[in-house]
Amino acid sequence: MQRFKDILCVAGTGQAGTPALERAVTLAENNQASLMVVDVADRITDGIGMPGGGPISAALQTTLVNTHAEALETLVNPYRKRIEIQTKVLIGEPFLEIIREVLRNGRDLVIKVPESQDWLDRLFGSEDMHLLRKCPCPVWLIKPGKQKPYHRILAAVDVDESYPPEELASRRALSRQTLEMASSLALSDFAELHIVHAWHAVAESAMRGGLMPATEEKVIAYVEQVRQQHAASLDVLISEVTSNLGQDALDYLKPRTHMVKGWARKEIPALAKQIEADLIVIGTVARTGVPGFIIGNTAETILNQIDCSVLAIKPPGFVTPVTIVD
């Protein structure tokens, strides 16, 4: 079962950060993990008539940090009756400083509310998308609203076997990690676990068209063969993960599987909406040759369509392009 040991909660200040803080505190309790809660203050830059690094800019920076620190303490103090919580104010570009905090201290989860309280404002190009792309550990974005246990958790996995060997091994490991984490969270929240894999028969359109003409009987047989191959691979993945849970946990979870025919970027958001998922756990895949872009086209498109909380998992061996600045 996936366990977190060192959680970083980006709470901000005020009531907007409460859902993320509530979830982070509960998760830290359940996992006996350490919890650091941070806010990020703007860096005071030189203004007109203000010398760089001078006493005025330094004083303004100190005042701003102290204001953020006081607000953060006000937000966190009620939860200190439950667990020990550390706080810190970071300074600079939010996504960069959050990632650097992860790198410096080996955090294994970042949890926060999205920067825009209107979840329908798309993530693409935002601070949160930068974080999802470049943070080396899982990132959990909590949908704003009243905090409550999740009822339905959806794990999106990829068991397609058609990738090159090295990439296939990475994708398999990522799908295992995705399902392990979703299973752990479903058990802790007493939630339904749904598992989705989108598949398609690559040659079907060509067989129905003029490129590879075939009888309808042969097309149907080919599509069914592909479906069975994907179903068998999905069964293997589920067996590998659930065998480590124990029979009692498995009997409780009774994971519901969804083999949906079509493109993942369309079918997964549609299923999330159909089952009213509270959380989707999804792996991200590197775009080769594009430094800093770690979310694949499919995952990014899915994230820009869903209207629930998101837990994004990085592929094994991912190295962030962000570096620590002394």
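The values are calculated or read from the model by the stated rules, or taken from the named source; none is laboratory data. Quick caveat, the model's predicted, so the values are computed rather than measured. Note that we place each Cβ from the backbone using ideal geometry, even for glycine, and neighbour counts take in every protein chain shown. The area values use the complete protein model at the heavy-atom level, side chains included, leaving out ligands, DNA and RNA. Shrake-Rupley method; radii C 1.70, N 1.55, O 1.52, S 1.80 Å.
At a glance:
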read-out: Dipole magnitude of the chain, debye to nearest 20 (Cβ charges: Lys/Arg +1, Asp/Glu -1, about Cα centre); value: 140 debye
read-out: FRET efficiency for Lys143 and Arg43, using Cβ-Cβ distance with R0 set to 22 Å, rounded to 0.05; value: 0.15
read-out: Top positive-direction residue, dipole computed over the chain with Cβ charges, set Leu75, Val236, Leu131; value: Val236
read-out: By average C-beta atoms within 10 angstrom, highest first, the peptides 155-162, 85-92; value: 155-162, 85-92
read-out: Potential lengthening between Thr67 and Trp263 on full extension [0.36 nm per residue; Cα-Cα distance subtracted]; value: 65.7 nm
read-out: Long-range HN-HN contacts of Thr87 with modeled amide H, under 5 Å; value: Val37
read-out: Among 76-84, 94-102, 235-243, the order from most to least packed when residues are scored by Cβ within 10 Å on average; value: 94-102, 235-243, 76-84
read-out: Inverse mean reciprocal Cα-Cα distance (Kirkwood Rh) of the chain, Å; value: 21.5 Å
read-out: Using a Förster distance of 45 Å, the FRET efficiency for Arg80-Lys218 (Cβ separation, nearest 0.05); value: 0.10
read-out: Where Asp128, Asp307 fall by accessible area, highest first, once all protein chains stay in place (1.4 Å); value: Asp307, Asp128
read-out: Residue of Ala41, Ala270, Ala203 that the Gaussian network model of the chain assigns the largest fluctuation, springs spanning Cα pairs under 10 Å; value: Ala203
read-out: Solvent-accessible area, 1.4 Å probe, carbon plus sulfur percent, for the chain; value: 54 percent
read-out: Karplus 3J(HN,Hα) series, Hz, for segment 22-39 with 6.51 cos²θ - 1.76 cosθ + 1.60 (x for Gly, Pro); value: 4, 5, 5, 5, 4, 5, 5, 4, 5, 9, 6, 9, 7, 9, 10, 10, 10, 10
read-out: Anchor Lys261: aspartates and glutamates whose Cα lies under 20 Å away (excluding residues fewer than 8 positions away in-chain); value: Asp158, Asp160, Glu161, Glu204, Glu216, Glu217, Glu224, Asp235, Glu276, Glu300
read-out: Furthest towards positive pole of dipole, Leu250, Ala58, Ile280, structure part the chain, Cβ charges; value: Leu250
read-out: Å² of accessible area per residue within the chain, as computed with a 1.4 Å probe and no ligands counted; value: 49 Å²
